[in-house]
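Before any comments, here is the structure.
The values are calculated or read from the model by the stated rules, or taken from the named source; none is laboratory data. No experiment lies behind these values; they were computed from the predicted model shown. Glycine gets a Cβ as well: all are built from the backbone with ideal geometry, and neighbour counts include every protein chain shown. For the accessible areas, the whole protein counts, side chains as well, though only heavy atoms, and no ligand, DNA or RNA atoms are used. Shrake-Rupley method; radii C 1.70, N 1.55, O 1.52, S 1.80 Å.
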Amino acid sequence: MPVTDLLERNRKLYANEVALIELNPTMEDPKNPDWKEYNLVQQTIARPYRRQMTWSVFDEKANRVANMLLERGIKKGDRVAILMFNCLEWLPIYFGILKTGAIAVPFNFRFDAKEILYCANLAEVDILFFGPEFIDRIESIQEDLTKGRLLYFVGDNCPDFADSYREHVSDSSSQAPLIRIEDEDDAAIYFSSGTTGFPKAILHNHESLLQAAQMEQKHHETSREDVFLCIPPLYHTGAKFHWMGSLCAGSKAVLLKGTTPEIILDAISKEHCTIVWLLVPWAQDILNSLDSGDLKLEDYELDQWRLMHIGAQPVPPSLIKHWKEYFPHHKYDTNYGLSESTGPGCVHLGMENIHKVGAIGVPGYRWECKIVDENGEVVPYGEVGELCVKGPGLMTCYYNDQEATDATLRDGWLFTGDMAMQDEDGFYFLVDRKKDVIVSGGENIYPVQIENFLNGYEKVSDVAVIGLPDSRLGEITGAIIQVKPGMECTEEEIVAYCHELPRYKRPKKIIFADVPRNATGKIEKPALRKKYGADKLVEQQNRG
């Protein structure tokens, strides 16, 4: 069953109930008279930009998109891309593409012009929807981009090199197109995060999408009464498939623009959100604001908030311990996944397992896991090896890249490239990316272990650990430390704090600087390696 069937079901059962809300508290909307005053960093926005859509309108708009595409010659198996910030149009366009039997291709909105063109060519995109924020990027490559493909502009004042989405979609039928879709049909192409070079195109079928949706609802017990707050970008599998738990349940979701603690807590309070997916930096910012007194919980209505969960990156146990001090009634979960496994959840902690914070968890709904050595043999409990996953959410392939597919998919298992261990209770602990292992004097060092430790220091806001070149040891451990606002920290303090670590794990170089993260919260370690002269470390070692 395709996920489009869930949308049509919700239209029939919950037609006039709100499905989606788009909220931008930093932008005033004179058409919105029904909002209490919103205080944001000493300024008052009386009517923040807020739009909403019912399930009936959602499905109708998706049908119009589908029929518009069919009228333009799109057929089953064609590829249609989306390059837009989160907005009320995003999901109807995505579902409209799926309803035609075409392949939806979300683009990372951080792509520069060259990456947009590269990914459009790699995925053999036939049509691209783009928003006003991308006009300059698209215009700079439009001569090459428009060769053999159509551009649809989603917004006001359509540029002359594109067609107006709003004009064309309004003339299309709102009836569901009669396209039969099977589980094994291709559904979507997602791109790897791009932190290791140009992205790969990851192809999924409709079975993968439905698996992710049903798994999300099961893992977090999403009900009709829940309200999901979606902050991360919808182009990413994490945001979209966490939202699909709401699709399964037929419940409301809020698409929030803004990541400051004030914006997040105010949205949770005013929209009565019950489930919130945060990235580590946002959770840490909320805790810092509560610690400093800049935020006070009594200023918000938060009793309905039942679940805070985190994914996309390792979670310091110290953060969750601190979180529970402020929110003792919260359930907590963490999700592990890759775009190759339809996003988060192939491994998850489970809301009942908060005593195992620090683990990524156990196999998710309908998933299997194992840890293997370099020969593909399962390793004993407690030993480190490569994590492999298997289940109905696996990618079909890397699109047009058989060599990369064969290296990653073997005998039905996805070799994740992540190093992990399993304890005697069956819980998996992520140790690090295989490529991020630091080899110092023949000793393997796993950065995430040191990062988790340093995140426990009261003055540390964020930290990244990388290998730095060393003429004697090959590489040494360097810690880039971002200090909490308003605090001062010295190298001597960090060195003293690290005395609790085994000597070989202690950072040999301390650097105080900002820690860059991408849109999904992952540390951009390649950028750090380049900045600090470690981007060609292996090449340097080989030359030595």
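General observations
- Dipole magnitude for the chain: about 200 debye, using +1 per Lys or Arg Cβ and -1 per Asp or Glu Cβ, origin at the Cα centre.
- For the listed residue pairs 370/435; 390/531; 99/522; 75/390; 61/200, the alpha carbons are over 25 angstrom apart in 390/531; 99/522; 75/390; 61/200.
- Counting DSSP beta bridges with both ends in the chain, the antiparallel % (nearest 5): 60 percent
- Between the beta carbons of residue 183 and residue 411, assuming R0 = 22 Å, the FRET efficiency works out to 0.55 to the nearest 0.05.
- If R0 equals 51 Å, the separation of the Cβ atoms of residue 509 and residue 373 corresponds to a calculated FRET efficiency of about 0.95.
- Estimated at the nearest 10 Å², the accessible area of residue 399 is 30 Å² with a 1.4 Å probe.
- Helix 90-99 and the longest principal axis of the Cα set of the chain meet at an angle near 70°.
- The stretch 267-350 shape via C-alpha gyration tensor axes, a/c threshold 1.5: prolate
- Stretch gain in nm, segment residue 493-residue 401, where the contour uses 0.36 nm per residue and the Cα spacing is subtracted: 28.3 nm
- Taking Lys and Arg as +1 and Asp and Glu as -1, the other residues whose beta-carbon sits under 10 Å from that of residue 79 total -3.
- Entries of 218/331; 12/331; 12/76; 356/509 with Cα pairs more than 22 Å apart: 12/331; 12/76; 356/509
- Candidate values [x] 18; [y] 25; [z] 29, label of the one derived for percent of Cα pairs over 43 Å apart: [x]
- Label point distance in nm, residue 296-residue 383, each placed 7 Å from Cα along Cα→Cβ: 5.8 nm
- Angle of helix 113-122 to the longest C-alpha principal axis of the chain, folded into 0 to 90 degrees and rounded to 10: 70°.
- Applied to the stretch 159-166, the Karplus parametrisation 6.51 cos²θ - 1.76 cosθ + 1.60 on θ = phi - 60° returns per-residue 3J(HN,Hα) values of x, 6, 8, 9, 9, 7, 4, 5 Hz, with x for Gly and Pro.
- Residues whose amide H falls under 5 Å from that of residue 103, counting only those 5 or more places apart or on a different chain, are 77, 78, 79, 80, with hydrogens built in the peptide plane.
- Around residue 176: net Lys/Arg minus Asp/Glu count, Cβ-Cβ under 13 Å: +3
- In the chain, the longest principal axis of the Cα atoms and the axis of helix 135-145 are about 80 degrees apart.
- Net lengthening on full extension, residue 139/residue 425 (0.36 nm per residue, minus Cα-Cα): 97.4 nm
- Site pair residue 17 and residue 52 shows an inter-label distance of 1.3 nm when each label is modelled 7 Å from Cα along Cα→Cβ.
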